[in-house]
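Comments concern the structure below.
The values are calculated or read from the model by the stated rules, or taken from the named source; none is laboratory data. The model shown is predicted, which means the values in this text are computed figures rather than measured ones. Heads up, the Cβs are rebuilt from the backbone with ideal geometry, glycines too, and the neighbour counts pull from every protein chain shown.
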Amino acid sequence: MSTNLVHTLAFYANRQQGLWQTAKKSVGTLAKLPFFGLTDLYSRNVFNEVFFKSYAGFSHDRLRYFSDELFEEVLKPAIFPGTFDLIAKGKKIGQRQIVITGALDFTIDRLMDYMGIDDYKSNHMEFVNGYSTGRIIPPVMASATKAQWIREYAERENINLSDSFAYSDSISDLPMLSIVGHPVAVCPDVRLKQAALQHDWAILDLK
């Protein structure tokens, strides 16, 4: 997909209750963009810890209320054209299709249904008295944690990882890609493309 966690945060920041809160959250999000970029380059785990704190104070009801609009305006248009062909080919040969993502659950429920995904694991925000604390309930889905979740899922479901495929566009998912027999770099960032070329992994362009 041609979108990321920051686009989702910006969407919600622009839909706060009242003009002042909307302006405050929107300007705050814009100001943090360089910092988000630097922390993501350093560590996806550090990025997640810093990034999700920006949701502190957001109303659970408003986050849920606008989730359908988020899907229609931000997520659905960002799906790469070749995505559904890839999904259909996998289903045709009997593959179980599972998404492991660092996105928040309420932001991707509609997307997973729309794409026909069999199962998914996402991050879950902590809410107290109906408002976000900015804290993710462990385990946080990122980097090595994704790989560990896949190992546990495969063991529980009796899935052979040597026969499995994993797809990602980010170098942060290198641990996840490294544990399956068929890793695929999809529209990869520069560092993942270099790693894929070094390891002779498949590179796929769905655009």
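Can you tell me which residue within the stretch 68-89, out of those that are aliphatic (A, V, I, L, M) and assigned to a helix (DSSP H, G or I), is farthest from the chain's Cα centre (by Cα)?
Among residues in the stretch 68-89 that are aliphatic (A, V, I, L, M) and assigned to a helix (DSSP H, G or I), the one farthest from the chain's Cα centre (by Cα) is A88.
If you take the residues in the stretch 90-133 that are within 25 Å of A144 (Cα to Cα) and in a loop (DSSP other than H, G, I, E, B), which one is nearest to the chain's Cα centre (by Cα)?
In this case the residue turns out to be H124.
What tally of residues in the stretch 154-207 results from selecting those that are closer than 15 Å to Q95 by Cα and assigned to a helix (DSSP H, G or I)?
5
Pairs under 6 Å by beta carbon, first residue among the hydrophobic types (A, V, I, L, M, F, W, C) in the stretch 101-122, partner assigned to a helix (DSSP H, G or I) and buried (at least 18 other Cβ atoms within 10 Å of the Cβ), six or more apart or different chains?
Partner pairs satisfying both residue conditions: F106/L63; F106/S67; L111/F71; L111/L75.
Looking at E152, E73, E49, can you tell me which residue is farther than 20 Å from D169 by Cα, modelled with pLDDT of 95 or more and out of contact with any His (no Cβ under 6 Å at 6 or more places or on another chain)? Reasoning before the result, please.
Details: E73 fails: modelled with pLDDT of 95 or more; E49 fails: modelled with pLDDT of 95 or more.
Every option except E152 fails the conditions.
Which of the residues belonging to the stretch 134-152 are part of a helix (DSSP H, G or I), in contact with a strand residue (DSSP E or B) (Cβ under 7 Å, 6 or more places away or on another chain) and of a type outside the set (V, I, T)?
Step one: filter the stretch 134-152 for residues part of a helix (DSSP H, G or I), giving 144-152.
Checking which are in contact with a strand residue (DSSP E or B) (Cβ under 7 Å, 6 or more places away or on another chain) leaves us with 146, 149-150.
Within the stretch 134-152, K146, W149 meet the criteria.
Scanning the stretch 174-185 for residues that are closer than 20 Å to M1 by Cα and touching a strand residue (DSSP E or B) at 6+ places or on another chain (Cβ under 7 Å), which turns out surrounded by the most Cβ atoms within 10 Å (Cβ to Cβ)?
A185
One line per residue, one yes/no per condition, for (1) surrounded by fewer than 19 Cβ atoms within 10 Å (Cβ to Cβ); (2) in contact with a Cys (Cβ under 7 Å, 6 or more places away or on another chain):
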| position | (1), (2) |
| --- | --- |
| I136 | no, no |
| K146 | no, no |
| I159 | yes, no |
| A166 | no, no |
| D169 | no, yes |
| S172 | no, no |
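Taking the stretch 63-101, which residues are closer than 14 Å to A10 by Cα and surrounded by 14 or more Cβ atoms within 10 Å (Cβ to Cβ)? Steps first, answer last, please.
As a first pass, look at the stretch 63-101 and keep what is closer than 14 Å to A10 by Cα: 63, 66-67, 69-71, 73-75.
Across the stretch 63-101, the qualifying residues are L63, F66, S67, L70, F71, V74, L75.
Considering the stretch 150-185 alone, what residues qualify as being farther than 20 Å from D119 by Cα and among the β-branched types (V, I, T)?
Correct list: I171 only.
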